[in-house]
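Step one of this worksheet: look at the structure below.
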Amino acid sequence: MAASFKKSYRFAIFSSMYITVCLTLFVSVFFYINDAFDWVFLLCFIPVCFVLSVFLIQVRVERFIYKRVKKIYDDVSLLDVTTLKRGQITTDMSTLTKEVERFAASKKLEIESLKIREEYRKEFMGNVAHELKTPLFTTQGYILTLLDGAMKDKTILKKYLKRAAAAVERLVYLVSDLDMIAKLEVGDLNLRYEYFDMVELVQHTFELLEMKASKKNITLAFERADNKPVMVNADRERIQQLLTNLIVNSIKYGKQDGTTEVTIENLIQNKVIVRVTDNGEGIASEHIPRLFERFYRVDKSGSRREGGSGLGLSIVKHIIEAHDEKIYVESDFGVGSEFSFTLEKAEELPKKPVVDVVGGE
């Protein structure tokens with residue numbers, strides 16, 4: 001308290017001391033000249049003069065500073081004007097300095113955050129434009145070629161219509177993925193929670209992707225110590241989509257004659273962890289923090305050749321977060337990658353009906 005007192009009133013005290021000394025000397029000289037010197041009056045005058053000076057200087061300084069500091073607070077919005085009280089403004093300038101420094105630091109962080117968001121927005125808009133432009137221009141090119149006379153040749157007509165249809169299908173796929181991400185981000189996508197066997201879901205997904213894996217002679221392996229069902233509580237359709245995206249990525253970036261392996265393990269009492277592991281290209285460590293961004297591609301040229309919307313991992317992340325679960329990535333460049341996610345486990349089938357939840361909350 002003493003230190004705070006000295007800081008707040010130092011100016012008023014020292015100023016009052018100077019005023020008191022000056023006035024005391026003036027009064028003493030005045031009484032001495034008039035031959036009416038009075039020690040009692042002088043001893044009373046000194047403390048009264050000092051106290052009054054401290055009080056008046058402190059009040060005036062506080063008002064002076066209050067008006068100007070209040071304007072600064074209003075201008076920079078450090079405090080809500082309605083909550084600004086006199087007690088919050090003192091003659092101690094270090095308090096204001098700290099407030100302004102804290103405000104400047106927070107604004108600096110805010111500006112940096114806005115710059116990052118602006119860069120991300122520009123990159124995202126550029127990626128969307130590129131992804132939409134490719135199938136649109138492809139379709140337009142085939143149609144214009146046909147209109148210019150190529151449609152008279154039935155062979156060319158059929159071939160170009162198939163290619164145009166493929167480009168439109170890619171466009172529909174891209175827009176569908178964007179729509180899903182938008183719904184997941186705003187919590188507008190219904191998650192239909194139900195109890196199902198994760199082992200069965202993995203086997204079913206393998207059957208759907210068997211042909212795709214065979215093109216690169218990639219072995220799809222499911223490792224489990226026993227054949228017992230692993231019952232989980234989640235949206236079966238969304239989890240299948242998530243698992244499909246992870247396995248498709250594993251195949252897409254896997255090496256020829258490689259392996260993609262799925263394992264299911266107990267994590268804690270009410271959780272299981274599903275791992276999707278491959279021995280493919282792997283991912284450099286600097287790319288891992290941005291893997292789940294929309295349209296982010298580690299190898300842009302290779303990713304374009306392989307196709308896809310560039311939204312698969314972003315959808316995976318949003319589906320997992322909508323379930324209030326976690327997803328993890330481990331990868332060694334040139335060795336392989338492992339994506340794993342958690343799910344709520346159910347020991348036995350429930351008697352309750354299926355529950356619809358909006359946004360996974």
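Brief remarks on what is shown
- Diffusion constant of the stretch 123-185 at 20 °C, which comes from Stokes-Einstein with the Kirkwood Cα-pair radius and 1.002 mPa s, µm²/s: 166
- Charge context of TYR160, other residues only, Cβ under 13 angstrom, K/R +1, D/E -1: +4
- FRET efficiency, VAL168 to ALA284 (Cβ-Cβ, R0 25 Å, nearest 0.05): 0.10
- Based on C-alpha pairs under 8 angstrom that are at least 6 apart in sequence, the stretch 118-252 has a relative contact order of 22 percent.
- For LEU189, distant residues with modelled amide H under 5 Å away: GLY359
- Values of log10 I(q)/I(0), in the order q = 0.15, 0.17, 0.24 Å⁻¹, for the stretch 232-283 under a Debye, Cα-only, solvent-free model: -0.49, -0.61, -0.94
- Pairwise FRET efficiency - ALA105 versus LYS159, Cβ, R0 = 45 Å, nearest 0.05: 0.10
Each value in this text was obtained by applying a stated rule to the coordinates, not by laboratory testing. What you are looking at is a predicted structure, and each value in this text was computed from that prediction instead of being measured. Cβ: placed from backbone, ideal geometry, glycine included. Neighbour counts: every protein chain shown.
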